[in-house]
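Trainee: Got a structure for you, written out below as structure tokens; questions coming shortly.
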Amino acid sequence: MRVVKTSLEGCFIIQPRIFKDVRGYFMESFNQEKFKNKTGLDICFVQDNESLSSKGVLRGLHFQQGEFAQAKLIRVIKGSVLDVVVDLRKNSETFGKHFSVELSEKNKNQLFVPRGFAHGFVVLEDQTLFSYKCDNYYNKSSESGIMYNDPLLNIDWRLSEKEFILSEKDLSLPNFKDLKS
């Protein structure tokens, strides 16, 4: 496993070691000891989530607040997404900045997102299977989010707005500036 730092402190791209032969491939998608040794983080994941989506589905930008904040380890099993995180840590040098990375079944890369970040993704291929581990349980009363097209964040989602498929909930999220107050 190779760990690559991103422009946002605490976010890492995890590149697993892949063993290919005539039968296909094998990879270790997660190893607690290796993760801790490479990142210095002692994370205990307690919940796995999975979604299947069509091209153009945009989910996010979501996060949980307070004691229910979540760190996530994200990967794509089938298809591809553009994955986006926004730093919400007010004392961080990168507060309000975002980072994006393509995660796909081809590159097998994963993204680790620490607590204190909003997260979202747009699906780039039909029938994309998206999976992530969380270090805290889901709590509906602590969920929140930021509008995906907030002009202050200026996120390039790579697809045109007319291609997006969004939930009613995601269409009613506040802008970033409204979270700061």
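Trainee: When you go through (1) assigned to a loop (DSSP other than H, G, I, E, B); (2) over 20 Å from residue 56 (Cβ atoms) one by one for residue 157, which number turns out not to apply?
Mentor: Among (1) assigned to a loop (DSSP other than H, G, I, E, B); (2) over 20 Å from residue 56 (Cβ atoms), residue 157 violates only (2).
Trainee: Assuming residue 56 fulfils every condition listed in (1) on the phi > 0 side of the Ramachandran plot; (2) out of contact with any strand residue (DSSP E or B) (no Cβ under 7 Å at 6 or more places or on another chain) apart from one, which condition is it?
Mentor: Only one criterion is unmet by residue 56, namely (2).
Trainee: Within the range 40-59, track down each residue that is under 18 Å from residue 137 (Cα atoms) and of a type outside the set (A, V, I, L, M, F, W, C).
Mentor: Within the range 40-59, 42, 47, 48, 49, 50, 51 meet the criteria.
Trainee: Let me ask another. Only one residue in 12, 19 is out of contact with any Pro (no Cβ under 7 Å at 6 or more places or on another chain), in contact (Cβ under 8 Å) with a residue 60 or more places away in the chain and of a type in the set (A, V, I, L, M, F, W, C). Which one?
Mentor: Selected residue: 12, the only one of 12, 19 that is out of contact with any Pro (no Cβ under 7 Å at 6 or more places or on another chain), in contact (Cβ under 8 Å) with a residue 60 or more places away in the chain and of a type in the set (A, V, I, L, M, F, W, C).
Trainee: Continuing with the same structure: For residues that are surrounded by fewer than 17 Cβ atoms within 10 Å (Cβ to Cβ), closer than 23 Å to residue 99 by Cβ and touching a strand residue (DSSP E or B) at 6+ places or on another chain (Cβ under 7 Å), tally how many sit in the range 154-181.
Mentor: Adding up the residues that qualify gives 2.
Trainee: Still on this model: Being under 27 Å from residue 167 (Cβ atoms) and either touching a Cys at 6+ places or on another chain (Cβ under 7 Å) or β-branched (Val, Ile, Thr) (or both) is the requirement here; does residue 85 meet it?
Mentor: In short, yes.
Trainee: I'd like the residue in the range 37-47 that is of a type in the set (A, V, I, L, M) and either touching an Asp or Glu at 6+ places or on another chain (Cβ under 9 Å) or not in a loop (DSSP other than H, G, I, E, B) (or both) and, out of all such residues, is nearest to residue 109 (Cα to Cα).
Mentor: Step by step, filter the range 37-47, then rank; the result is 43.
Trainee: If residue 88 satisfies every condition in (1) of a type outside the set (Gly, Ala, Ser); (2) surrounded by fewer than 18 Cβ atoms within 10 Å (Cβ to Cβ); (3) under 20 Å from residue 149 (Cβ atoms) but one, which is the exception?
Mentor: Condition (2) is where residue 88 drops out.
Trainee: Take residues that are of a type outside the set (A, V, I, L, M, F, W, C), at pLDDT 95 or above and closer than 24 Å to residue 178 by Cβ and tell me which of the strands (runs of 3 or more DSSP E) falling wholly in the range 58-146 contain 1 or more.
Mentor: 58-64, 72-78, 80-87, 98-104, 117-123, 143-145
Trainee: Here is a further query. For the range 1-36, which positions are surrounded by 11 or more Cβ atoms within 10 Å (Cβ to Cβ) and in a loop (DSSP other than H, G, I, E, B)?
Mentor: 1, 6, 8, 9, 10, 11, 16, 17, 28, 29, 30, 31
The values are calculated or read from the model by the stated rules, or taken from the named source; none is laboratory data. Keep in mind that what you see is a predicted model, and the values were worked out from it rather than measured. Cβ sites come from the backbone with ideal geometry, for glycine too, and all protein chains shown count toward neighbours.
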